[in-house]
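Novice: Okay, here's the structure, questions in a sec.
The values are calculated or read from the model by the stated rules, or taken from the named source; none is laboratory data. These numbers come from a predicted model, not from an experiment. Don't worry about glycine lacking a Cβ; one is built from the backbone with ideal geometry, like all the others, and counts go over all protein chains shown. Heavy atoms of the whole protein, side chains included, go into the accessibility calculation; ligands, DNA and RNA do not. Shrake-Rupley method; radii C 1.70, N 1.55, O 1.52, S 1.80 Å.
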Amino acid sequence: MIEMLRPQVSSFAGEIDSLIVMVTLIVGFWYLLTKGMFLYLLMAFRAKPGQKAQYITGKEKHLKKWVTIPHLVIILCDVVLVAGAVRVWYNVKQFMPEAEQTIRIVGQQWAWTFVHPGPDGELDTDDDIAMIDELHVQAGVTYHFMLESKDVLHDFSVPVFRLKQDAIPGRRILGWFKPEVAGEFDIQCAEMCGIGHGIMGAKLYVETPEQHAMWVNDNSLTEVAAATQTEVQR
Amino acid sequence: MALLPVLMMLSTPALACPVCGGGGANAQAYIDTMIFLSALPLLLLGGVAFFFWWKTMRVTVDEEPSGRLPQARPQP
Amino acid sequence: MSTLRLVREPKKSEPILPNAVLGTLFFIIAESMLFAGFISGYIVVEANYPPGMWPPPEQPRLPIEVTAVTTTMLLASGVLLWWAGRRFRESADAAKSPMGLAVLLGALFVGVQGVEWVQLIGEGLTLTSSSFGGFFYVIVGAHAMHAMPAIVILLRQRQRMLRGELKPDAFAAARLFWYFVVLVWPVLYWTVYL
Amino acid sequence: MSEAAVHPDGHEHDHHDHEMTFVEKWIFPLDHKYIGKQYLFTGMVMALFGGFLAYAFRMQLAWPGTDIPLFGHMSPAEYNAAVTNHGTIMIFWVAMPVLIAAFGNFLIPLMVGADDMVFPRLNRLSYQVFLLSAIVIVASLFVPGGGFGGAWTAYPPLSAVAAYNLTPQGSTMWLLAVALEFIAFLIGGINFITTAMNSRAPGMTWEKVPMVVWMICIASILFMASVGPLMAGAVMLLFDQTIGTGFFDPARGGDPILWQHLFWFFGHPEVYVVLLPATGMVAEIVPTFARKKLFGYKTVLFTAIGTGVLSFFVWAHHQFIAGIDPRMANVFTITTVLISIPIAEMMFLYIATLYGGSIRFTTPMLWALGFIFAFLIGGVTGIPLGASGADIYFHDSYFVIAHFHFTFFPIAFIGTFAGLTYWYPKMFGRMMNETLGKIHFWGTMISFHCLFIPMFVLGLAGQHRRIYDFTNFPELGVPFLQDIRVFCTSALLVLLAFQFVFLYNFIVSMFRGEKASENPWNANTLEWATPSPPGHGNFKEFPNVYRGPYEYSVPDRESDFWPQHHPA
């Protein structure tokens, strides 16, 4: 259902979506059951003239089970939920697959700087390509990112990747993603970062290998990139 | 609850973690203070609750063998 | 609950703790958490520094020995006040001297602490000089902000005691608060100084 | 009733039935009922103010950049200040004062059969500090630079460094106001707990205490036990802002995550601090109008205590992607999902209370049922957020907004309306208009659901919170999503319009309403044993308590209620 609203572009987007669907189904079942019971009781036991309410203390065994049994089943459902959530969490945030490329992402008020490794595939070399508010990645390649912030907290959020990670000044945060579908998508800042927070977006270009090679070729070692890069690296 | 330590062990040293990016000591400090902050109010309130329970028991035994006399009970 | 019909007329029960003491007790719980917050902050920031860099080498050292003496004084004052509370049950006169001594020791503690502060500021440790300085003044200052009003309250209670007007509940509440001030200090000393 | 003339808690000042002057009632009251009403009115004024801020920024979101009626053009800074202060005000100046302070002050002494709070002067001081804090927060929006715009969570370094937030005075005043407000509730909370523990009427053992008293006390304890670390954080942040220390500034050796650590330690229990009093009021109202004993009194109580205990272990789920150790996320997922158990069970027990009842759909009952109806949605939508894997996507999205409005709106408004309409006769001595009450109920409920259910869809579509103008983002500016935003804003306008029905009813009934009898709802608890409204000193004869508060429809009795103070 979520992919109708927002395509799944990263390798783990589908996993997160199915977790959400699973949670929705389990929780929704209980929700509908409870609410159905609630509305039924309201209809069945509305005041009728001459009819007195029953005297039930809640200590009766045969009635207590109507609370105890749902309670136990909920615990069971919770175990399933936790297992699913932890599995997805582990895959996305705790487990790091081998990187094929590494990029650096720097947030500042109110723009993103993306440092791409350039033709040699290594970061922090002379041919790095630094772009403001534009991230170019190649579909099918596993990326590690190093997330940094220059001033306040930012949050690198790519809805189509289902990825979010806070950037914290003074710290370098490692994460990963693997884009799978080519296209042009939004990057947003998801942590309040001041007046310009509402405009702090960037563009994500997921490219096919040919497109990406062309882009790297076009941008490597140009004056513009070198100038931007020296500025970015302080 | 027995699951908790298992889960803590299960994972590789966290990589996508800003706190751990700051070094292992810092991550440990956060875990320590989390436990400290979470446990302290319960210990304090538990202590107060226990004190009241203990007092209530003593007063009830002293004054009212039937144990039916209303007494203030421990707050949680 | 039809069995309740057999129960005789209920009677008013005596509260386990008087109002003033109970209120103080809950206030102390909230205050303990305040100090827990400060200590947590201190522990976290301390862990951010590489070993040997905390306190920062260029910053002045804290007077550990002098403070150890004042800590003992504060603990002694707590014991004296406890003793005063015991004697107060017999007579107000009997509690006079231990209470006076307890307040004196407490005031001396705050005084020495103040002198220490003046020296440390002179040596270059200020709120803004480093995180260490910030935490030192905030934590120790927070303690002083509890100790000073407590001393004022105890002084006023001593005056009332001399006039024979001191209510046992109020005295018990003030004692309880002073125990808190006394007992939280070794924890802070251990965290910040050692 | 030999003790009837004696004050149960031995207050020395005798203040029975003496007519209070205006100053004694409203300016410097010591009487808990008037302090409660002061809290109530202040909370209502702040609710209107918070509602106006919501109106302003929702208009901006629906029609970005246009002139907003009554507000004018909204700049990004004003937008940030509006969302920040809307959140802060609604939680700290509406939910807290109304649910805990207003109802706590008004109800606790009446329900436990006392003549007043045990510390009336502290009680008055509590309100005065609170009023000061309310003035400071409102004033903070009008200082040079504008109000604080760093979100109600106030994460540093944005909130700490003026060069980043550009609102030096606004942020300091915001922080000061929050700190003052905490002091006010700390004083108030001590009063509530001490009163409930020490001033109970003879015979009121712990299992005969009305549920709402229990809930307000548990909430106060939770508040007091959790607020300390945030106070510590607030002091440090205040120093960071004003004299330039670096507790939270990484450039000066501080740690920005530390604030989140201290903030959420308080921030999550705070949810239960406001939730519990609201559920307590529902626990009073549902049995009264279902004419049924509350199903499982002790179980409800234990679920509340269990919620309180667990609430100290869930707070880091606000930081899943914001900088805690990922290993901790697993632990906090478990505790977060665990806390759903007591809350769900509590709701089951309330629903079970309806079974076999004789339900009367009066306005208070409708609100109480509406609380259960709406809160169920809020409860279940919390689970995807607590599940760490799903939270990676939902964190800081409109799904979160929709979720917590489905908890906070039922708590702070639906629950409050239930309580207000139920205790209105006791507070003001007159009945509210039932027809207007029902119009208000249906209008509010329908527009509230129309306002927030679409936000779940927006959240699923990946829309983030706190963004000034979504048309800046190609993916979010599409007409489909913009139409949803316009629909939400329209629903908000309807919702706000219906609140004026309530205000009209509230104010007019105070003067023209039908005179209320002592016990208009045929309820059991002690407050209905006093005149409506109760005079100074509350009870004409201090009651003794013979049975629990929910003895409705007891077999072999002619009347279907059995007040707690009636001797057998």
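Novice: Quick one: dipole size for chain A, taken about the Cα centre, charges +1 on Lys/Arg Cβ and -1 on Asp/Glu Cβ, in debye to the nearest 20. Walk me through the numbers on the way to the answer.
Specialist: Details: 20 positive and 28 negative charges, 609 e Å.
Roughly 2920 debye for chain A.
Novice: Moving on to the next point. Treat each spin label as a single point 7 Å out from the Cα along the C-beta direction, and report the D:Asp560 to D:Thr66 distance in nm.
Specialist: The answer from the label model is 5.1 nm.
Novice: So, one more: Rounded to whole Å and ordered largest first, report the semi-axes of the equivalent ellipsoid of the stretch D:311-446 derived from its Cα gyration tensor (root of 5λ).
Specialist: Details: eigenvalues 253, 50, 31 Å².
Equivalent-ellipsoid dimensions as semi-axes: 36, 16, 12 Å.
Novice: Right, another one. Give me the orientation-averaged projected area of the Cα convex hull of the stretch D:105-147, in nm², one decimal. Walk me through the numbers on the way to the answer.
Specialist: Numbers: hull surface 14.4 nm².
Taking a quarter of the hull surface, the average projection is 3.6 nm².
Novice: Another question, then. Would you mind giving the three semi-axes, in whole Å and largest first, of the ellipsoid equivalent to the stretch A:75-143 according to its Cα gyration tensor? Intermediate results must be reported in sequence, preceding the final value.
Specialist: Numbers: eigenvalues 238, 49, 15 Å².
Sorted largest first and rounded, they come to 35, 16, 9 Å.
Novice: Additional query: Could you give the dipole magnitude of the protein assembly as shown about its Cα centre, charging the beta-carbon of Lys and Arg +1 and that of Asp and Glu -1, in debye to the nearest 20?
Specialist: On the way: 65 positive and 79 negative charges, 982 e Å.
With Lys and Arg at +1 and Asp and Glu at -1, about 4720 debye.
Novice: Please report, as a whole percent, how much of the solvent-accessible surface of the protein assembly as shown comes from carbon and sulfur atoms (probe radius 1.4 Å). List each step's numbers first, then the result.
Specialist: Values: 25450 of 38340 Å².
Heavy-atom surface of the protein assembly as shown belonging to carbon and sulfur, 1.4 Å probe: 66 percent.
Novice: I would also like to ask the following. Using a probe radius of 1.4 Å on heavy atoms only, what accessible surface per residue do you get for the stretch A:2-94? Whole Å² is fine.
Specialist: Details: 4950 Å² over 93 residues.
Roughly 53 Å² per residue, with all protein chains present.
Novice: Estimate for me the total accessible surface buried between chains C and D (protein heavy atoms, probe 1.4 Å, no ligands or nucleic acids), in Å² to the nearest 100.
Specialist: Details: alone 11420 and 21700 Å², together 29900 Å².
Answer for the C-D pair: about 3200 Å² buried.
Novice: Give me the accessible area of A:Arg172, 1.4 Å probe, in Å² rounded to the nearest 10.
Specialist: Taking all protein chains as shown, A:Arg172 has close to 120 Å².
Novice: Measuring from the lowest to the highest alpha carbon on each principal axis, how far does the stretch A:2-94 reach, largest first, in angstroms?
Specialist: 65, 29, 13
Novice: I've got another one for you. So what are the stretch D:498-568's ellipsoid semi-axes, whole angstrom, largest first, if each one is the square root of 5 times an eigenvalue of the alpha-carbon gyration tensor? It would help to have the intermediate numbers written out before the result.
Specialist: On the way: eigenvalues 169, 56, 19 Å².
After diagonalising the Cα gyration tensor, the semi-axes are 29, 17, 10 Å.
Novice: How much solvent-accessible surface does D:Phe130 expose, in Å² to the nearest 10, with a 1.4 Å probe and all protein chains in place?
Specialist: 0 Å²
Novice: Let me ask another. Which whole number gives the average, over all residues in A:71-77, of C-beta atoms from other chains lying within 10 Å of the residue C-beta?
Specialist: On the way: counts 7, 1, 0, 6, 4, 0, 3.
Average neighbour count from other chains, rounded to a whole number: 3.
Novice: To continue, here is another question. Mean projection of the alpha-carbon convex hull of the protein assembly as shown over all orientations, in nm²? Please list the in-between numbers first.
Specialist: On the way: hull surface 173.6 nm².
Over every viewing direction, the Cα hull of the protein assembly as shown projects on average to 43.4 nm².
Novice: How high is the relative contact order of chain A, given as a whole-number percent (alpha carbon pairs under 8 Å, six or more residues apart)? Display every interim value, and only then the final one.
Specialist: On the way: 379 pairs, mean separation 50.0, N = 234.
Taking the mean separation of contacting Cα pairs over the length of chain A, I get 21 percent.
Novice: How far is helix D:398-409 tilted off the main Cα axis of chain D, in degrees rounded to 10, range 0 to 90?
Specialist: That works out to roughly 20 degrees.
Novice: Shifting gears a bit: Can you list residues from other chains, or at least 5 along the same chain, whose modelled amide H is less than 5 Å from the amide H of A:Trp176?
Specialist: A:Phe145
Novice: Please compute the per residue accessible area over the stretch C:10-59 with all protein chains in place, 1.4 Å probe, rounded to a whole number of Å². Don't skip to the end; give the middle numbers.
Specialist: On the way: 1760 Å² over 50 residues.
Per-residue accessible area for the stretch C:10-59 comes out at 35 Å².
Novice: If you don't mind, there's one more thing I want to ask. I'd like to know how the stretch A:101-232 sits against the 2.2 N^0.38 Å rule of thumb: what's its Cα Rg over that expected value? Walk me through the intermediate numbers first.
Specialist: On the way: Rg = 13.8 Å, N = 132, 2.2 N^0.38 = 14.1 Å.
The reported ratio for this selection is 0.98.
Novice: So what are the radius of gyration and Dmax for the Cα set of the stretch D:441-568, in Å?
Specialist: Final numbers for Rg and Dmax: 24.8, 72 Å.
Novice: Work out the length of the dipole vector of the stretch D:34-529 about its Cα centre, built from +1 on the beta-carbon of each Lys and Arg and -1 on the beta-carbon of each Asp and Glu, and round it to the nearest 20 debye.
Specialist: Values: 21 positive and 22 negative charges, 242 e Å.
Its charge dipole is roughly 1160 debye.
Novice: Still on this structure, please answer the following. Determine ³J(HN,Hα), in whole Hz, for all residues of the stretch A:189-201 in sequence, where each value follows from phi through the Karplus function 6.51 cos²θ - 1.76 cosθ + 1.60 and θ = phi - 60°; x replaces Gly and Pro.
Specialist: Working through the residues one at a time gives 9, 10, 10, 3, 10, x, 4, x, 3, x, 10, 7, x Hz.
Novice: Could you point to the residue in A:Ala53, D:Ile383, A:Ala213 farthest towards the positive end of the protein assembly as shown's charge dipole, with +1 and -1 charges on the Cβ of Lys/Arg and Asp/Glu respectively?
Specialist: A:Ala53
Novice: Additional query: Leaving out ligands and nucleic acids, and using a 1.4 Å probe, what accessible area per residue does the stretch D:34-529 come to in Å²?
Specialist: Working: 11640 Å² over 496 residues.
Here the residues of the stretch D:34-529 average 23 Å² of exposed surface.
Novice: Could you work out the relative contact order of the stretch D:34-529, using alpha carbon pairs under 8 angstrom and six or more residues apart, expressed as a whole percent? Walk me through the intermediate numbers first.
Specialist: Values: 765 pairs, mean separation 75.0, N = 496.
Relative contact order for the stretch D:34-529 comes out at 15 percent.
Novice: Chains B and D: how much accessible area gets covered up at their contact, both sides added, probe 1.4 Å, in Å² to the nearest hundred? Write down the numbers at each step before the final one.
Specialist: Details: alone 6640 and 21700 Å², together 25420 Å².
Between B and D, the summed buried area is about 2900 Å².
Novice: Quick one: compute a quarter of the convex hull surface over the Cα atoms of chain C and quote it in nm². Present the calculation step by step, with values, prior to reporting the outcome.
Specialist: Working: hull surface 63.6 nm².
One quarter of the hull surface, i.e. the mean projection, equals 15.9 nm².
Novice: Something else: What value does the stretch D:139-193 have for Rg/Rh, both radii from Cα atoms and Rh as Kirkwood defines it?
Specialist: On the way: Rg = 13.4 Å, Rh = 12.0 Å.
Result for the stretch D:139-193 is an Rg/Rh of 1.12.
Novice: Once Rh for chain A is found with the Kirkwood sum over Cα pairs, what is the Stokes-Einstein diffusion coefficient at 20 °C and 1.002 mPa s, in µm²/s?
Specialist: Details: Rh = 21.2 Å.
My calculation gives 101 µm²/s for D.
Novice: Mind pulling the angle between the C-alpha long axis of helix D:120-140 and the longest principal axis of chain D? Nearest 10 degrees, somewhere in 0 to 90.
Specialist: Long axis of D:120-140 versus the principal axis of chain D: about 30 degrees.
Novice: A:Lys64: accessible area at probe 1.4 Å, nearest 10 Å²?
Specialist: That residue has around 90 Å² of solvent-accessible surface.
Novice: While we're here: How big is the D/A interface in buried accessible area, both sides summed, 1.4 Å probe, to the nearest 100 Å²? Write down the numbers at each step before the final one.
Specialist: Working: alone 21700 and 14540 Å², together 28750 Å².
Its buried surface, counting both partners, is about 7500 Å².
Novice: Also, quick follow-up: As a test of reading the structure, rank A:Arg46, C:Arg175 by solvent-accessible area (1.4 Å probe, protein chains only), most first.
Specialist: On the way: A:Arg46 110, C:Arg175 35 Å².
Per-residue accessible area, sorted high to low, gives A:Arg46, C:Arg175.
Novice: So how compact is chain D: Cα radius of gyration and Dmax in angstrom?
Specialist: Radius of gyration, then largest Cα-Cα span, for chain D: 23.5, 77 Å.
Novice: Sticking with this structure for a sec: Measure nothing fancy, just the Cα-based angle from helix A:223-232's long axis to the longest principal axis of chain A, in degrees from 0 to 90, nearest 10.
Specialist: The two axes meet at around 60 degrees.
Novice: Cα atoms only: what Rg and Dmax, in Å, come out for the stretch A:1-52?
Specialist: 19.8, 65
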